[in-house]
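To start, the structure itself, in structure tokens.
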Amino acid sequence: MSLAGKKILLGVTGGISAYKAVFLLRLFKKAGADVKVVMTEAATEFVTALTFESLSEHPVHVRMFEDDGKSAGAISPVEHIDLAKWPDLVVIAPATANTLANFAHGRADDLLATIVSAYEGPIVLAPAMNDVMWENPATQENMRILSDRGFRVAPPERGDLACGYEATGRMAEPETIFAAAQTLFASPLRGKKVLVSVGGTEEDIDPVRVVSNRSSGKMGFAVAEAARDAGADVTVVAARTSVAPPHGVRITRVRTGDEMASTLRREFKNADVLFMVAAVSDFKPASTLAQKKKSGEGWTLELAKTDDILAALGAEKGKRVVVGFALETEDEEQNARAKLARKHCDFVVLNKPGDAFGLDTNVVAIYDAKGRVYESKAPESKREVARRLVELVSGLPR
């Protein structure tokens, strides 16, 4: 989606990542967008307003009111309303914890918050902060509130933080935020209902032990985020996961393969697209013990095959789009392409166990009926893989 001619208001708040907003501004300008910048006073401690003014070719706005008529960056008492009416899109990068709190609770105690409170269009947030601040329950609750209100999010990434160690909290790269803005304008899945399965199922051996796998849910949740950002109405059916679910999607929790199957069958009736990302156990105990098996005793566990959920749904898909995932350790391409045909998928995503479990990155190859349509050249973020999948699905005639 071209940004040429789009009017973008870039809000810059007081974090060390403020320097990245300069590069984001250049990307917007290079794409032909008209950009105005609003900075908080704290942001000017990191990057000067003159830098943004020179690149945007517009005055940079900082304060609500003039100070004795001499304060650079100030506006007239009603100009904040004009600024709120001007843009097609507002992007806040970086968005600090304090900024998120202001937006979530309707506080308008600086110019940027006042503009946002009066703005009625789409907003993209790029949070950036220390990992402890990001994981704080209050911050996460504020994110939930904002997402439920329609704010789009370019989530923070894992990387080197200003406090000297590596963790999640680093602002998304300018290219990632730029891509989020493009997707928002395009909204290729607007009006579509997307169903995503996530996580690893559990099959009971006894009241304590289960048969399961090492799926974290990261890839599935990344797909849900990408579909949400593409304008879809997203439902996630989630088994056991080790990461927090995204905001702005409907979550239904399940545990076993049978629960996953029945829930997906129900939801699939109204879906346009299914992403079958969950690692559903292929086997379950032939029988479940009523009492815990005591340690020290010999044990032979008999397993039975579980139902093939993807094959069953694929067989009745009609005009719906179905995307499967194949985790292979040998004959990877051959097995993945066989799975695509056998389970009636439109696409299948091939990955290996070492690349897939628990990491923020993945190495994949994506196939359709004609062959390979995409392949990672190096480890790439699961969010980038998810965006690629959404692009492929969006391009199918329906």
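The values are calculated or read from the model by the stated rules, or taken from the named source; none is laboratory data. These numbers come from a predicted model, not from an experiment. Using ideal geometry, Cβ is built from the backbone for each residue, glycine included, and neighbour counts are taken over all protein chains shown.
Structure values in brief
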item: Hits in the range 70-123 (condition: at pLDDT 90 or above, assigned to a strand (DSSP E or B) and not β-branched (Val, Ile, Thr)); result: Leu89, Ala93, Pro94, Ala95
item: Yes/no for Lys319 being assigned by TED's automatic domain parsing to the domain that holds Ser197 and in a loop (DSSP other than H, G, I, E, B); result: yes
item: Looking only at the range 27-41, and only at residues there that are on the phi < 0 side of the Ramachandran plot and without any contact (Cβ under 8 Å) to a residue 40 or more places away in the chain, the one that is surrounded by the fewest Cβ atoms within 10 Å (Cβ to Cβ); result: Lys30
item: Scan of the range 158-171 for residues that are closer than 19 Å to Glu384 by Cβ, touching a residue at least 40 places away in the same chain (Cβ under 8 Å) and surrounded by fewer than 18 Cβ atoms within 10 Å (Cβ to Cβ), ordered by number; result: Arg158
item: Long-range neighbours under 7 Å by Cβ, at least six apart or interchain, first residue acidic (Asp, Glu) within the range 205-221, second surrounded by fewer than 19 Cβ atoms within 10 Å (Cβ to Cβ) and in a loop (DSSP other than H, G, I, E, B); result: Asp206/Thr288; Asp206/Leu289; Asp206/Gln291; Asp206/Lys292; Asp206/Lys293
item: Qualifying residue in the range 127-138 (condition: crowded, with 22+ Cβ neighbours inside 10 Å, assigned by TED's automatic domain parsing to the domain that holds Val12, touching a helix residue (DSSP H, G or I) at 6+ places or on another chain (Cβ under 8 Å) and outside any loop (DSSP other than H, G, I, E, B)); result: yes
item: Boolean, Arg214 is surrounded by fewer than 18 Cβ atoms within 10 Å (Cβ to Cβ), within 17 Å of Ser281 (Cα to Cα), at pLDDT below 90 and not assigned by TED's automatic domain parsing to the domain that holds Gly32; result: yes
item: Scan of the range 142-175 for residues that are over 19 Å from Ala232 (Cα atoms) and either in a loop (DSSP other than H, G, I, E, B) or hydroxyl-bearing (Ser, Thr, Tyr) (or both), ordered by number; result: Pro156, Leu161, Ala162, Cys163, Gly164, Tyr165, Thr168, Met171, Ala172, Glu173
item: Restricting the range 90-108 to residues that are surrounded by fewer than 22 Cβ atoms within 10 Å (Cβ to Cβ) and of a type in the set (A, V, I, L, M), the residue that is nearest to Pro122 (Cα to Cα); result: Ala104
item: Candidate set: the range 331-390, residues that are in contact with a helix residue (DSSP H, G or I) (Cβ under 7 Å, 6 or more places away or on another chain) and free of Cβ contacts under 8 Å to residues at least 24 places away in the same chain; chosen: the one farthest from Arg214 (Cα to Cα); result: Tyr374
item: Single match in Pro174, Pro155 (criterion: farther than 26 Å from Val323 by Cβ and either surrounded by 19 or more Cβ atoms within 10 Å (Cβ to Cβ) or of a type in the set (A, V, I, L, M, F, W, C) (or both)); result: Pro174
item: Residue in the range 179-198 that is farthest from Glu259 (Cα to Cα), counting only those that are surrounded by 21 or more Cβ atoms within 10 Å (Cβ to Cβ) and at pLDDT 95 or above; result: Val194
